[in-house]
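The values are calculated or read from the model by the stated rules, or taken from the named source; none is laboratory data. All values reported here derive from a predicted model rather than from experimental measurement. Don't worry about glycine lacking a Cβ; one is built from the backbone with ideal geometry, like all the others, and counts go over all protein chains shown.
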Amino acid sequence: MIKSINKLNIAIKSCTLCMLSQNRINAVPGTGNIQSNIMLIGEAPGKNEDQIGMPFTGTSGKYLDKLLSIASLNRELVFITNLVKCKPPSNRDPLLDEITACSTYLNEQINIIKPKLIITLGRYSLKNWMPRETISNVHGTYKKIDNFILVPMYHPAAAMYRGSLRKIIENDYVELGKFINTTNRIGI
């Protein structure tokens, strides 16, 4: 498993499948526990992530750490990655061709790690599995897909742009913690 993920990380870091590779400082494969049953999938790296080469290291990352704590989790217990592995210019949303170019990498990460719970962070990662849904309608819900349970969540940055969402987002993580605690007894 470790050799597989290391080989995949090398491929991601040298990828030139889309235009995002031309302006990146670092590709951002993902980080965390590759033996975890829980995977978090964001949208794309930002400026801090591009500089450091790790997902969720800026302000959103600090808030994500707080949210994980609310659910009785931490980064050592989960694997965190993004749909798109390179920073889009001007922090714009990832484009469909960029998501498509990176989809092989994400699918391989899922195949290697085999999470039982995938938490999508934001609308773009949600649309990977539920293209017709909106994050405002399905945040904090649980849906069985293939061999895992999908839990759509607001992106942590949403709380920074819309303070009114902070309480909703934090409540979703309280419920996530309860769900994980209950399902851990039955094998998630």
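The residues listed here are N26, N48; of these, the one that is over 27 Å from T183 (Cβ atoms) and assigned to a helix (DSSP H, G or I) is N48. Reported count of residues in region 104-143, each being touching a residue at least 12 places away in the same chain (Cβ under 8 Å), closer than 21 Å to N9 by Cβ and part of a helix (DSSP H, G or I), is 8.
In the set (1) within 28 Å of K143 (Cα to Cα); (2) free of Cβ contacts under 8 Å to residues at least 60 places away in the same chain, G58 fails one condition alone, (1).
In this structure, is T141 of a type in the set (V, I, T), under 17 Å from L40 (Cβ atoms), at pLDDT 95 or above and under 12 Å from the mean Cα position of the chain (by Cα)? Criteria not met by T141.
Only one entry in P29, P89 is in contact with a helix residue (DSSP H, G or I) (Cβ under 9 Å, 6 or more places away or on another chain) and within 30 Å of N171 (Cα to Cα), namely P29. Checked against (1) modelled with pLDDT of 95 or more; (2) among the polar types (S, T, N, Q); (3) over 14 Å from the mean Cα position of the chain (by Cα), S90 passes all but a single condition, namely (1). Only residues that are over 24 Å from K114 (Cβ atoms) and exposed (fewer than 13 other Cβ atoms within 10 Å of the Cβ) were counted across region 132-168, and they come to 9. Return the total of residues in region 82-103 being over 16 Å from P131 (Cβ atoms), free of Cβ contacts under 8 Å to residues at least 60 places away in the same chain and not in a helix (DSSP H, G or I). So the answer is 2. Only residues that are over 19 Å from Y105 (Cα atoms) and either assigned to a loop (DSSP other than H, G, I, E, B) or in contact with a Gly (Cβ under 8 Å, 6 or more places away or on another chain) (or both) were counted across region 144-156, and they come to 6.
Quick one: in region 1-15, which of the residues that are part of a loop (DSSP other than H, G, I, E, B) and at pLDDT 95 or above is surrounded by the fewest Cβ atoms within 10 Å (Cβ to Cβ)? Quick ask: steps written out before the conclusion?
Residues of region 1-15 part of a loop (DSSP other than H, G, I, E, B): 1, 14-15.
Within this subset, residues satisfying the condition of being at pLDDT 95 or above are 14-15.
Working: S14: 9, C15: 19.
My answer is S14.
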